[in-house]
Amino acid sequence: MRTRFAPSPSGHLHVGGARTALFCWAYAKAHGGSFILRIEDTDQKRSSDTATRALLDDLAWLGIRWDEGPAHDGCGPGEHGPYFASQRLDLYHRYIDILLEQGKAYRAFEGPEQLEAARAAARAQKRVYRYDRAALKLDRATIQRYLDEDRPHVVRFKAPDEQPVNVHDEVYGEVTVRPEEIDDFVILKGDGYPTYHFAVVVDDELMGVTHVIRGQEHLYNTAKHVLLQDALGFRRPVYAHLSLIFNPDGSKMSKRDKDKALRNAVRERGLERSPAMPHSSNEAVMSEEHWRSWLSNKDHPLELESAERLALALDIDLPEIDVKDFRRAGYLPEVMVNYLALLGWSPGGDIEKFDQQFLIEHFDLDRVLKSPARFDRDKLLAFNLDALQAMSTEQFIARLRQHGERYHPEYGRELSDEQFAMFAAANHQRSKTLDDPFRSGRFFIMSDDQIVYEQSKAVHKALETGEPNGYAHLEAVMPLLKELSEWMVETLERLLKRYADERADGKLAKVAQPLRIAVTGTTVSPAIFETLAILGRDAVLNRIERCLSNRKLSSST
RNA sequence: GACCCCAUCGUCUAGUCAGGUCCAGGACAUCAGGUUUUCAUCCUGAAAACAGGGGUUCGAAUCCCCUUGGGGUCACCA
């Protein structure tokens, strides 16, 4: 039993691809088989090494480990390599030649523009476009002459035009494709690379793939693959197609969504040229040339890096669709796996929280749903919160440290190990993601004079109302804090609670809020005792003093 | 447009294949209370669906047909 995941390395792994990979992996593991990763880089224009590495990293992060495939992080390689389509060109050509010799395929010399024109004409006449087989009518001498002239050409498969193709799909059941719906599709491109259809059929055969599990967008292509298998005398693997994953608005979730969001923003604002980088000189996000070529061609999305810079400059949030986005946003890989598995599959009953082990014990194709599922960010977030809370504090500290090292290294520089551990622990029960503490805790790593006091109702209320008001409380606790013998959570708690009992009718909030504002600038932070303990006595006293002098400043103006 | 696929609370789904135990269960979101030093948590409770119409049957969320709605595919992309 062998399954494979065959992505094209055109960017980061997106959630749809991740789910496909997960199901392929789970199915193989559930049935004691092997899971193969094969990089289908047959599109030279869209593939890149960086993208491949990113893809491998994403998969590894999710804990989806392949038995065979590119060597990476302890996974792969295997006996059936190479696992990059681009390194298997001679293999494809061998089979192309066989088809050519047997008259099951033929060379065609039309250029892309010519074909596009023919398609447009068909569309205008509301006809269904099919390749007209003009090249098939070329006589031998002409073909030879074209070949001698080195004319660019493709190889097309001669699709039978009598028999319908029947395919059994494990999820969708019997699928019949009528012969007139399959024209003589291209199997070898002008650049000498095979198309996906051809590569996949050859590779699946040579790698002994027995079960093909992939996205529903391939359901119809299966007929082409079956035809190719028959022509080549190959086995026919078991097929299972997975329903699509939708955005919350019901549209198909696609890796193009980020590009779409950017194009929309640019159009809405009527931007003629590239905006400047934020907080920098007048340096533009993109060169004028780059900008124009991007806008002029919808089929060429911006590379991730430029896309992210542009999003920053436009101050818009790019939709999270790549595994990488969720990683950076602080979701746990095991939560992603759990949630992804629930999209289009369910173990039945009321079970919905489970780990990879459970998945490989229970996953099967007969519980895969046909209907598409929307990706529900809220539910994912809730799962993430639950998983975070279920961890021991030690685990949480370790995970947070890992995340911080990768995405917020400044915390590691500014906080001692001990401080970081306290910072993590203080945030444990109130964080929904591993990123939350870093985003809300900037004041922990700011120098005292960088604290900016927020101008808001809540701040005003805590500081300036009541009798005595917040400032007065600050002035009163300051000497107590100064004299506190040991600066730690327990002693701070005892001190402040006693203070509240004696001076604020037992209402801790009367002191806690002014203190919180004084040390953070805002009304939100982890529990006040922890916050003060992490900051340390010097910083706390400095900040209180600064807050008090700030009052004098604002009252005199 | 042609061909095909899908259809249970707002969302993910259980139940559908082997019709009765389902005036439909769980989770997320929502709403109302409560706990709390802020935020977030946490606790309790509520509201919320078988798309519509026809059959078949003693009986249908479950089987059949039609309508409606949603989606996919029609590349020298995968």
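The values are calculated or read from the model by the stated rules, or taken from the named source; none is laboratory data. Source: prediction; values computed, not measured. Neighbour counts are summed over all protein chains in view; Cβ atoms, including those assigned to glycine, are modelled from backbone coordinates with ideal geometry. These accessible areas exclude ligands, DNA and RNA; they are computed on the full protein's heavy atoms, side chains included. Shrake-Rupley method; radii C 1.70, N 1.55, O 1.52, S 1.80 Å.
I'd like the antiparallel share, as a percent to the nearest 5, of DSSP beta bridges with both residues in chain A.
Details: 17 of 32 bridges.
Of those bridges, close to 55 percent are antiparallel.
Note the angle between two axes, namely the Cα long axis of helix A:89-101 and the longest principal axis of the Cα atoms of chain A, as a number of degrees from 0 to 90, rounded to the nearest 10. So the helix axis and the longest Cα principal axis differ by about 30 degrees. Measuring nothing but protein heavy atoms, the accessible surface of the stretch A:392-445 at 1.4 Å probe radius is 45 percent carbon and sulfur. In chain A, the longest principal axis of the Cα atoms and the axis of helix A:377-390 are about 60 degrees apart. Specify the inter-centroid distance of the stretch A:277-353 and the stretch A:398-414, based on alpha-carbon positions, in whole Å. Measuring centre to centre over Cα atoms gives 22 Å. Each peptide among A:265-273, A:14-22, A:206-214 gets the average number of other Cβ atoms lying within 10 Å of its residues, and from highest to lowest they stand as A:14-22, A:206-214, A:265-273. Restricting the calculation to Cα atoms, the stretch A:257-319 yields a radius of gyration followed by a Dmax of 10.7, 31 Å. The local environment of A:Trp66, defined by Cβ-Cβ distances under 12 Å, has a net charge of +2 under the rule Lys, Arg +1 and Asp, Glu -1.
What separates the Cα centres of the stretch A:9-83 and the stretch A:501-551 is a distance of 51 Å.
Remark: the stretch A:448-556 carries a charge dipole of roughly 280 debye about the Cα centre, counting +1 on each Lys and Arg Cβ and -1 on each Asp and Glu Cβ.
In a DSSP loop and with at most 15 other Cβ atoms within 10 Å, the trypsin sites (Lys or Arg not before Pro) in the stretch A:464-557 are A:Lys507.
Only Cα sites of chain A enter the Debye sum here, all with the same form factor; the resulting log10 I(q)/I(0) across q = 0.09, 0.11, 0.12, 0.13 1/Å is -0.84, -1.09, -1.23, -1.36, listed in q order.
For the peptides A:430-438, A:93-101, the ranking by packing is A:430-438, A:93-101, with the highest mean count of neighbouring Cβ atoms within 10 Å listed first.
Ranked from the most accessible area to the least, with a 1.4 Å probe and all protein chains present, what is the order of A:Asp299, A:Asp148?
A:Asp148, A:Asp299
In degrees between 0 and 90, to the nearest 10, how far off the longest principal axis of chain A does helix A:221-232 point, with axes built from Cα atoms? Roughly 40 degrees, rounded to the nearest 10.
Going by average Cβ neighbours within 10 Å, how do the peptides A:187-195, A:314-322 rank, with the highest at the top? Display every interim value, and only then the final one.
On the way: A:187-195: 18.9, A:314-322: 16.7.
The peptides rank, most packed first, as A:187-195, A:314-322.
Shown here for the stretch A:23-81: trypsin sites (Lys or Arg not before Pro) in loop regions (DSSP other than H, G, I, E, B) with at most 16 other Cβ atoms within 10 Å, namely A:Lys45, A:Arg46.
Rg and Dmax over the alpha-carbon atoms of the stretch A:362-420 stand at 17.8, 53 Å. Relative intensity of the stretch A:257-363 on a log10 scale, I(q)/I(0) at q = 0.23 Å⁻¹, equals -1.21, per a Debye sum over C-alpha point scatterers of equal strength in the absence of solvent.
Over chain A, give the accessible area per residue in Å² for a 1.4 Å probe, as an integer.
On the way: 27580 Å² over 557 residues.
I get 50 Å² per residue for chain A.
With both labels modelled 7 Å from their Cα along Cα-to-Cβ, the A:Arg273 to A:Asp230 distance reads 6.0 nm.
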